[in-house]
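Read the figures in this text as sums done on the coordinates, not as results from a lab. Quantities reported herein were computed from a predicted structural model and do not represent experimental measurements. Counting neighbours? That spans all protein chains shown, and the Cβs are built from the backbone with ideal geometry, glycine included.
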Amino acid sequence: MVINVKVQCIYYSASRTTQRILDKVAEGTGMMVLPAVDITNPKTRKTFDGKMDADLVIVGSAVYEGSIPFIAMEPFLKLEGKGKWAVPVGVYGNRSAEAYISELSKLLRDREFKIIAGAQFVAQHSYNHDALAKAGAIGRPDEADLELAHSLGGKIAEKMVDPVEADIEGKPLKFGDKYKNRSEWVGERLKKMIMGPTYNADKCIQCNECVEACPIEAVDPSTYATDEDTCIKCMACIKVCPTDAKTVKFPPMVSQFMNGWGQERKEPMLYL
């Protein structure tokens, strides 16, 4: 264990799987873990000033469209590295992480962080659909995934004794200057085919879980209806609803697309 070194996580995690993995990595370091910065929360994103209090920062998010989610970009770009060490972590739904780790590594280096390690993990895809029964990695991260995340923390702690940069190539953002023009993204056009979550008032117990879980404040706190134009189809509201009052249907074209994702179980990758 490295004495007097503090670790802190910052993450976007609508389905809470990224949070679980990053928490395990931080725990595995054996270092003092400072309170995480959860940029899933809209209020946190608005007030975050880019300052991290730890010596080691674990930065992660779900992988959207094979890249960093647009919703996480603004707070990530505010980060102030000042020579601190960082660990980029991507969590994807068993399809492909593409160049996420390379993109986030470059972003962090541009913010004056040094990269000591990186990782990509698999989690259950946010789309609960029959086509993803296997490829969606149901139940992940599982025990083996979390054990690996914990052991990664230990390996990072060992490297921090005499730290050297990990050999991770940096790449520019996939969407470049079109990052905010989401209408041009293939995946975003696909999402437009999916109607926002429907609401069953008879099942609703008005617990407000869906309102609090929505990372983009698309759920009306008085009617529990979802704003179709605002909704990003992250499915956070569906996952937290205790009575299945929130549901979503997938049109045939979307189902066909998801059927082509493959059925093999993919495993985490560590970069040390």
By the rule of no other cysteine beta carbon under 4.7 Å, the lone cysteines of the chain are CYS9, CYS204, CYS207, CYS214, CYS231, CYS234, CYS241
For Kirkwood radius over Cα pairs in Å, pick the label among (i) 19.2; (ii) 19.7; (iii) 23.1 that corresponds to the value derived from the coordinates. (i)
For n ≥ 4 DSSP H runs only, could you compute -39500 (n - 2.57) per run for the chain, divide by its residues and tell me the 222 nm figure to the nearest 500? -8500 deg cm²/dmol
Among VAL240, PHE257, GLY196, whose Cα sits farthest toward the positive end of the charge dipole of the range 182-259 (+1 at Cβ of Lys/Arg, -1 at Cβ of Asp/Glu, about the Cα centre)? PHE257
Quick one: putting +1 on the C-beta of Lys and Arg, -1 on the C-beta of Asp and Glu, what dipole do you get for the range 6-173 around its Cα centre, in Debye to the nearest 20? 400
Placed amide H near SER61: partners under 5 Å, 5+ positions off or other chain: TYR12, VAL89, VAL91
Suppose we look only past 20 Å in the calculated P(r) of the range 182-259. What percent of the Cα-Cα pairs does that tail hold? 32
Between the range 1-70 and the range 158-174, the alpha-carbon center distance in angstrom: 17
For the pair GLU212 and GLU228, how long in nm is the line joining their label points, each one 7 Å along Cα→Cβ? 3.0
How much length would be gained if the chain were fully extended between LEU173 and LYS249, taking 0.36 nm per residue of separation minus their Cα-Cα distance, in nm to one decimal? 24.2 nm
Which one of LEU79, ALA144, TYR64 has its Cα pushed farthest toward the positive end of the charge dipole of the chain, where Lys and Arg give +1 and Asp and Glu give -1 at the Cβ? TYR64
In Å³ and rounded to a whole number, note down the convex hull volume per residue for the Cα atoms of the range 35-95. 95
FRET efficiency, 1/(1 + (r/R0)^6) with R0 30 Å, evaluated for GLU264 and GLU80 via beta carbons: 0.15
Based only on other Cβ atoms within 10 Å, what is the fewest-to-most ordering of THR17, THR223, THR44? THR223, THR44, THR17
For the range 1-112, take the convex hull of the Cα atoms, compute a quarter of its surface area, and give me that in nm², please. 6.6
Under a crude label model (7 Å from the Cα following the beta-carbon direction), how far is MET195 from ASP142 in nanometres? 3.5
Using +1 at the Cβ of each Lys and Arg and -1 at the Cβ of each Asp and Glu in the range 6-173, identify which of VAL91, ALA26, TYR11 lies farthest towards the dipole's positive end. TYR11
